[in-house]
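Working notes, beginning with the structure itself.
The values are calculated or read from the model by the stated rules, or taken from the named source; none is laboratory data. Everything quoted here is computed from the prediction, not taken from an experiment. Cβ placement follows ideal geometry from the backbone for every residue including glycine, while neighbour counts extend to all protein chains displayed. With ligands, DNA and RNA removed, areas are computed over all heavy atoms of the protein, side chains included. Shrake-Rupley method; radii C 1.70, N 1.55, O 1.52, S 1.80 Å.
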Amino acid sequence: MTADRRRGIVSAQSRPRLAPYVRLRFDPVRNAWAVLAPERVLWPDAIGLDILRRCDGKTSISAIVRELACEYDGQGQEIDADVGAFLQEWADRLLVRL
Amino acid sequence: MTQAPFPPIAMLAELTHRCPLQCPYCSNPIDLLKADREMETERWLDVFEQVAAMGVLQVHLSGGEPTLRRDLEQFVSTLSQTGVYTNLITAGVGLAGIRLEALASAGLDHVQVSFQGANAETTARIGRHSGAHAQKLAAARHARALGLALTINAPIHRHNIAEIPDYIDLALSLGAERLEIANVQYAGWALLNRRYLLPDGASIEHQVATVEAARARLVGVLEIDFVVADHFATYPKPCMGGWGRDAFVIAPDGLVLPCHAAMTIPSLRFERFGSRPLADIWRDSPAFNAFRGTDWMLEPCRSCERRDVDWGGCRCQALALAGDAAAADPVCVRSPLHARMAMLLEETLPPSDARTGGDLIPPFAFRRIGRT
């Protein structure tokens, strides 16, 4: 039961995962990835998708940031802030658990 | 329409009009269909296969009470296998136990349980079902235990608007992810009973403040979806997210509708499922194209910068209040008929000393099949 659920706050050690009732699936009709959630369909952009795909409950946010910094050849600090803000927003909408 | 519409994202399947409750604001039409008018299992399965191929990503299984269909598990299973997200919109009566387990095993994603009140007394009085509240609580708890997403639906009117804080506590105590606080939309049965249901302006203001404070306090804990009382609003609601734009409805007998109240517009002719492929009905049906996009709009909508924000509001309400389904929804402050809304509220509301819900049962026309 989650009657005493608390707001999750992003930290470098958080190991985010999609909420159990949230599904990431490819939509062949629109040729795009969709996030399906209660009463909601969201269309993450390429970076959002790269973050969400790593939300497996095992990978820490610091590891996600390292991987994305490699992939996007970007500044670690900038990516750190972006990933943190993204995941906090998704956690606040109860789509990602920290 | 100059270009083909985008494929629909969502469909509302009104599987049946039968229901154990008799809420006087039901969104079903006044002329409710009996069981013998409902589509058979194979027809619905054909619907669900076609919508998945069209690009529908969410199906809302509703009614009436959808769990009265014994083939519901088959529908959930078919949808789940094609990757469609399934939402069950239920009164929750008789659902807890093996039935909900079977639905969860079939792949159900999300359960929305309606509560007519935040306590057993109100729930019984409004839904006219004495044991309903306990059964709803059991259904909601079981949904949580099975790991399904849970939404508590709170349809709001004069007789339960004071219970908003209790609804919030109820949703938290049940561990729901979402609470839908939806002021009743005055169409169909709710329009018939409007003078006994409409809350007053002070209650609405208090409600908005309560909901906003709770939302701020419960970020990341409970999502509160708030459907405002449009009779008191400045701008209209974007009905269905725009006519024929994202979503459509199939009625129990297979009529394909742009919104669940569209049949109140007598000038429109609706096609029945099976007459031709559903994708063709969605794209070409004159009823869907009648108010699709912005080309049909008259002033003040046509030149309004909000025309593709609220899509002119509700077509059924425009017909009911302005006498023209292509007019601006009179809820809109820019409608030339907006002043009539204030008059309507004044005429509709009882004297201020009688505006609280009270314990008496007002002379509602309770929902039932074959009333007319």
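Among the residues of the stretch A:27-52, the ones that are away from chain B (no Cβ under 13 Å), open to solvent by 40 Å² or more (accessible area, probe 1.4 Å) and among the aliphatic types (A, V, I, L, M) come to 2 in all.
Comparison of B:209, B:216 shows that the only residue that is open to solvent by 20 Å² or more (accessible area, probe 1.4 Å), within 30 Å of residue B:174 (Cβ to Cβ), modelled with pLDDT of 95 or more and within 14 Å of chain A (Cβ to nearest Cβ) is B:216.
Scanning the stretch A:17-26 for residues that are surrounded by 18 or more Cβ atoms within 10 Å (Cβ to Cβ) and part of a strand (DSSP E or B) returns a single hit, A:18. For the stretch B:160-189, a tally of residues being in contact with a strand residue (DSSP E or B) (Cβ under 9 Å, 6 or more places away or on another chain) and away from every other protein chain (no Cβ under 14 Å) returns 8.
In the set (1) of a type outside the set (A, V, I, L, M); (2) open to solvent by 10 Å² or more (accessible area, probe 1.4 Å); (3) out of contact with any strand residue (DSSP E or B) (no Cβ under 8 Å at 6 or more places or on another chain), residue B:193 fails one condition alone, (2). Applying the condition of being hydrophobic (A, V, I, L, M, F, W, C) and open to solvent by less than 60 Å² (accessible area, probe 1.4 Å) to the stretch A:1-16 and asking which residue is nearest to the other protein chains (Cβ to nearest Cβ) yields A:3.
For the stretch B:225-255, a tally of residues being farther than 14 Å from residue B:29 by Cα and either more than 14 Å from chain A (Cβ to nearest Cβ) or buried (at least 22 other Cβ atoms within 10 Å of the Cβ) (or both) returns 18. Of everything in the stretch B:38-83 that is open to solvent by 40 Å² or more (accessible area, probe 1.4 Å) and among the aliphatic types (A, V, I, L, M), the residue that is farthest from residue B:113 (Cα to Cα) is B:53.
Remark: residue B:200 falls outside the filter, which requires a residue to be open to solvent by less than 20 Å² (accessible area, probe 1.4 Å) and of a type in the set (Asp, Glu). For the condition closer than 16 Å to residue B:15 by Cα, out of contact with any strand residue (DSSP E or B) (no Cβ under 7 Å at 6 or more places or on another chain) and basic (Lys, Arg), residue B:99 does not qualify. Please tell me if residue B:141 is within 14 Å of chain A (Cβ to nearest Cβ) and either touching a residue at least 24 places away in the same chain (Cβ under 8 Å) or not in a loop (DSSP other than H, G, I, E, B) (or both). Yes. Can you spot a residue in the stretch B:278-292 that is under 20 Å from residue B:251 (Cα atoms), out of contact with any Ser or Thr (no Cβ under 7 Å at 6 or more places or on another chain), open to solvent by 30 Å² or more (accessible area, probe 1.4 Å) and hydroxyl-bearing (Ser, Thr, Tyr)? No: the stretch B:278-292 contains no residue that is under 20 Å from residue B:251 (Cα atoms), out of contact with any Ser or Thr (no Cβ under 7 Å at 6 or more places or on another chain), open to solvent by 30 Å² or more (accessible area, probe 1.4 Å) and hydroxyl-bearing (Ser, Thr, Tyr). Scanning the stretch B:3-21 for residues that are part of a loop (DSSP other than H, G, I, E, B) and within 14 Å of chain A (Cβ to nearest Cβ), we see that the one that is surrounded by the most Cβ atoms within 10 Å (Cβ to Cβ) is B:8. Tally time: how many residues in the stretch B:70-107 are farther than 29 Å from residue B:131 by Cβ and away from every other protein chain (no Cβ under 14 Å)? The total comes to 2.
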